[in-house]
């Protein structure tokens, strides 16, 4: 009777838990959806770190419960967040993942198309127009399949824009015709093909058509400021023959443009005023151009720093989630086991009571049965104990496996995110320190004390050198006057980055000497001593002066790393102070990337300047004007060579050298190809030829294929592999010509080293 009651109670409890479980799943789904919504709001407000936490948490929930629509939404939002903080690599990875989710889970063409459009936008932003066109065309085909006129028009407009960037004006005109046709009944979307058509007409030098589109665009009431600014810039460029009108359009654009667009505007205004012989105003706008470029770089660096910070927070957040998950799983298992054991004890107790009730009249049997029940109970408890121990052991094994997976994931993340290497190294050092023998503490403390003392000595020496130095804390320059008076004659300028020696300090005016300038500056606009040193370290670039010919610039801090180029003695390189490097190597900036040179062959120092006199500045401006006029007059000469050099400038030294080798010795054996590359490098190292690979190749009258455009054509299509290998080996220092700087046909009879069909001398 009592057994039946217990059974019924268990069934009731089971069926009560079913609707609770279903309700719990529904609540988790809505919570996950809410997390994505809140994250999108935070992303729009610029709270990148908080929004990323929301998206990552939502993605974890979605993946766990196979909520494919929410997994897609969270993934594509993560891609958007990384795009806004300029981490295009992570943004691309997440958008591609979102596209795969949409395809594999059949979430519909709309989601596929959104991901494709985002991927195309990332490639376009990064300047990879071929890839941008590939993915955007897939989105365009989906729009055609769905007969979505608005989407067809938008994607056709963007395909026209990509064609403009690739100089394919015929293809651009084709897509513009489609865009205008399908958007004829949607005036609110016609601004997109109009902007692409404006650019196409401008590139075709059809300025009347371009002006028509520009004026049509500017009449729009919903035109964003960036679109309005770019349209005004086009009008300014098309009216260069009317300087006053061109300046008017440029200034209108400047008032509404962002810092990136202002760079182009300031450059345009400087050129217009220079053409109008207004050199003073032109110089002012060049100074504004430098300030705008600095602002853009600062904003970009800030975004990149924010990206690294967010990645680090995400790593810690994921680690915390993983730890919390393990703790939660463990607590759930413990609670489940406790519930099962408690239930078993209750059932056993009920059975004991039932047996006692049924056998209360049979005392002898009661004793025997009680003894049997107790034995069974003890056996059951022992089995339960063994089972529990087994489960705990299994749990420990699973925990170790999860930890191993987490460690593997950490290593993968460390490989992908170089900025985390220092943190991981710190963790390893802490672990090694904690596991070390206690007796090593005194040794470590002694070493640390010595290092601190060495650092302090170096710092004190450097500070002493700056005790009587001064720098101008200004955006552009500080006037140097003949005496300590605001009305005194201006005799020079101390620009930002210039350093001066203090002759005599004063409350308001300081007597300084810098270069050929000996005068007085206002104390309110200066920093001196240790403050001047700190200011210089924060605001002034560090330069590396090359003290040997043929110094190899490599893509990594290793003798085995690939050679990017070789530079001559006296070359000045900018040190990349943000990059990490190894002992014996210096990180430098080369063509927009971080490269490395041996520290033994360079001297590093702050790129400090000196004050200039008013007469020196006027002379410099006049000289610059003469040089620019001479350069402009010479521009008409050797047009083909200049054009080809301009095209080839976009390629690295390996590609450019390989293209020349293919032109001169493409049909020769490998030794002949290497010899041609060695001749170019010998010229570079000699000091009698230009100081760059491109300068040597395009020097007038030296290599005919360069002047005829053949080098540029082969560089664009990609040189063959043997020529690339020969170029790399020549850049690495290989020379099978004995130092030759010239070559000709072996049949010429000239004395030298004969290799294949050529003689090298």
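The values are calculated or read from the model by the stated rules, or taken from the named source; none is laboratory data. All figures in this text were calculated on a predicted structure; none of them were measured in a lab. Note: ideal-geometry Cβ built from the backbone for every residue, glycine included; neighbour counts use all protein chains shown.
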Fill in the blank from the handout: Conditions (1) assigned to a loop (DSSP other than H, G, I, E, B); (2) touching a residue at least 12 places away in the same chain (Cβ under 8 Å); (3) surrounded by fewer than 13 Cβ atoms within 10 Å (Cβ to Cβ) -> residue 560 fails only (2)
Problem - strands (runs of 3 or more DSSP E) (entirely within region 507-549) containing at least 3 residues that are over 15 Å from residue 483 (Cβ atoms) - result: 526-528, 542-546
Practice task
Only one of these is in a helix (DSSP H, G or I), more than 36 Å from the chain's Cα centre (by Cα) and at pLDDT 65 or above: 13, 27, 92. Name it.
Solution key: 27
Handout entry: Residue satisfying condition, being in contact with a helix residue (DSSP H, G or I) (Cβ under 7 Å, 6 or more places away or on another chain), closer than 27 Å to residue 158 by Cα and crowded, with 23+ Cβ neighbours inside 10 Å, within set 80, 62, 102, 58
Key = 102
Handout entry: Residue check, residue 712 assigned by TED's automatic domain parsing to the domain that holds residue 653, surrounded by 13 or more Cβ atoms within 10 Å (Cβ to Cβ), touching a residue at least 24 places away in the same chain (Cβ under 8 Å) and in a helix (DSSP H, G or I)
Key = yes
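Per-residue answers, yes or no, for (1) surrounded by fewer than 14 Cβ atoms within 10 Å (Cβ to Cβ); (2) in contact with a helix residue (DSSP H, G or I) (Cβ under 9 Å, 6 or more places away or on another chain); (3) under 20 Å from residue 130 (Cα atoms); (4) touching a residue at least 24 places away in the same chain (Cβ under 8 Å):
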| residue | (1), (2), (3), (4) |
| --- | --- |
| 147 | yes, no, no, no |
| 164 | no, yes, yes, yes |
| 207 | no, yes, no, yes |
| 210 | no, yes, no, yes |
Handout entry: Pairs where the first residue, in region 51-76, is more than 12 Å from residue 105 (Cα to Cα) and the second is at pLDDT 90 or above and not in a helix (DSSP H, G or I), C-beta under 6 Å, 6+ apart
Key = none
Practice task
Please identify the pairs in which a residue from region 682-705 that is in contact (Cβ under 8 Å) with a residue 24 or more places away in the chain has its Cβ atom under 6 Å from the Cβ atom of a residue that is outside any helix (DSSP H, G or I) and surrounded by fewer than 15 Cβ atoms within 10 Å (Cβ to Cβ), counting only partners at least 6 apart or on another chain.
Solution key: 682/739
Problem - Search result, residues across region 545-568 that are under 21 Å from residue 608 (Cα atoms) and touching a helix residue (DSSP H, G or I) at 6+ places or on another chain (Cβ under 9 Å) - result: 546, 547
Fill in the blank from the handout: If we ask which residues in region 569-623 are over 28 Å from residue 477 (Cα atoms), surrounded by 12 or more Cβ atoms within 10 Å (Cβ to Cβ) and in contact with a helix residue (DSSP H, G or I) (Cβ under 8 Å, 6 or more places away or on another chain), their number turns out to be 3
Exercise for the section: Would you mind finding the one in 617, 605 that is part of a helix (DSSP H, G or I) and either outside the structural domain of residue 493 (by TED's automatic domain parsing) or in contact (Cβ under 8 Å) with a residue 24 or more places away in the chain (or both)? Expected result: 617
Exercise for the section: Consider residue 255 carefully, then state whether it is surrounded by fewer than 14 Cβ atoms within 10 Å (Cβ to Cβ), at pLDDT below 85 and in a helix (DSSP H, G or I). Expected result: yes
